[in-house]
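Note sheet for the following structure.
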Amino acid sequence: MAVLLCTFLSLHPLCQEIAQLPEIQQQKDIQGMSAGSLWRSVIKQETKIREEAAIPAGNFNNVQVSYKLFGLFPLKNTELQMIPSLKLFPGGQSIGVSLQTKGVMVVGQAPVVSRDGKKHLPGRDAGIEIGDTVLKINQLEVRSDEDVAKAIDEAGNQQEAVKLLIRRSGQTETVEKSVTPIFCAETGRYRIGLYVRDQAAGVGTMTFIQPQTGQYGALGHVINDADTHQRVEIAEGKIVASLIQSIEKGKKGSPGEKIGSFVENSAFSGTIEKNMGNGIFGKVTTGDLKNPYFPEPLEVGWASEVKEGPAKIYTVIREEKIEEFEVNIERVLWQRSDSKNMVIRVTDPRLMEETGGIIQGMSGSPIVQDGKIIGAVTHVFVNDSLRGYGVFIQNMLKDGGMLPEKEAA
């Protein structure tokens, strides 16, 4: 069992290596007569490079490969897409994350006690479920719990039902529900028996910053609502610097945690534009985020390059200071496309002493192996705080829209 680490493609690697062609080799004259060279003399390969539109990380070229019998008769045409060397600044900064939800999320139900002492659950009886998102009430958008309470009370005072436009978790379609408010004797206003939430906040870690555009990726996993465990749909969000004030050490059965606060006069800030399965993504709008260990950006290590063995992570365990710690990648799970792509173990004696291993708030801490940024820490094993999961940087880039849809790797 593992838990997320913030306080709130699956091709075989060999195929990936084949697809990531560093360059197109010119066909050499066939001199030998081995079985392979004999076939190469019969079936010849021609290659053409076709440039696509550039994206901030670099140019993505399409390679057209044609196979011809005796170099004359076409047999097959194949198109491969080459991914060039991408470079990112590793993060490691502790960040405070605040999200404003799109609409309000239903996180609980509570009976409304009417004047005659009877208990009612109007919202539940109308078919509204925990995890639903309320987008509009009587055709008006709602952005906060105050908006919801006001609209329901006004309708109740006029002896009218309210029409709620809702979206079920994980669905794109919306549905309208009609609910009749009940006057609550305890609060003195009309209610429908629902608890809603309009925002989420927590502490995590920056993973990378794109040098040319200021785009970033952080956390390495989705932000879910603490009560419903459903993905939070965001209307807007913001990141700022976070100050780590103390550490609650992890131990078997009880994951530790970074205790932090948002920095009032933050040295940087940024938007949150996406809350995806492999992280949150947006753009740094003010300030300059630098990791002192990396004055220059690092190349991206694709999933096919990740291997078992030593690596390093970068994170904050005191105030705002980024530090380097040793880990070991025990297993690489190429077949998974979620945020659990590798099993890592903390081997750094100081980190084990200070935190007990991997702790909450460490999610997003970049993982570097052989001089390349390969991923981020995402989860801790509940029964072994020295071990946890990491996500491939490749999967984060894809979720952040920083790779093309038709991805070679």
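The values are calculated or read from the model by the stated rules, or taken from the named source; none is laboratory data. Keep in mind the model is a prediction, meaning the values are calculated, not measured. Note that we place each Cβ from the backbone using ideal geometry, even for glycine, and neighbour counts take in every protein chain shown.
Using beta carbons and a limit of 7 Å, which pairs, at least six apart or on different chains, have the first residue in segment 363-381 and outside the structural domain of residue 328 (by TED's automatic domain parsing) and the second one small (Gly, Ala, Ser) and part of a strand (DSSP E or B)?
none
Restricting attention to strands (runs of 3 or more DSSP E) lying wholly within segment 101-216, give those where 2 or more residues are over 28 Å from the mean Cα position of the chain (by Cα).
Numbers: elements: 133-137, 162-167, 174-179, 182-184, 189-191, 194-209.
Where strands (runs of 3 or more DSSP E) fall fully within segment 101-216 and carry at least 2 residues being over 28 Å from the mean Cα position of the chain (by Cα), they are 162-167, 174-179, 182-184, 189-191.
Considering only segment 319-347, how many residues are touching a helix residue (DSSP H, G or I) at 6+ places or on another chain (Cβ under 9 Å) and at pLDDT 95 or above?
Summing the residues that are touching a helix residue (DSSP H, G or I) at 6+ places or on another chain (Cβ under 9 Å) and at pLDDT 95 or above in segment 319-347 gives 7.
Report yes if residue 203 is touching a strand residue (DSSP E or B) at 6+ places or on another chain (Cβ under 8 Å) and either over 30 Å from residue 397 (Cα atoms) or surrounded by fewer than 18 Cβ atoms within 10 Å (Cβ to Cβ) (or both), otherwise no.
Working: touching a strand residue (DSSP E or B) at 6+ places or on another chain (Cβ under 8 Å): yes; either over 30 Å from residue 397 (Cα atoms) or surrounded by fewer than 18 Cβ atoms within 10 Å (Cβ to Cβ) (or both): no.
Considered against the rule, which asks whether it is touching a strand residue (DSSP E or B) at 6+ places or on another chain (Cβ under 8 Å) and either over 30 Å from residue 397 (Cα atoms) or surrounded by fewer than 18 Cβ atoms within 10 Å (Cβ to Cβ) (or both), residue 203 comes out as no.
The rows are residues; the columns are (1) touching a Ser or Thr at 6+ places or on another chain (Cβ under 6 Å); (2) crowded, with 23+ Cβ neighbours inside 10 Å.
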residue	(1), (2)
324	no, no
332	no, no
356	yes, no
373	no, yes
391	yes, yes
400	no, yes
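Within segment 355-388, which residues are within 18 Å of the chain's Cα centre (by Cα), in a loop (DSSP other than H, G, I, E, B) and among the polar types (S, T, N, Q)?
Residues satisfying the conditions are 363, 365.
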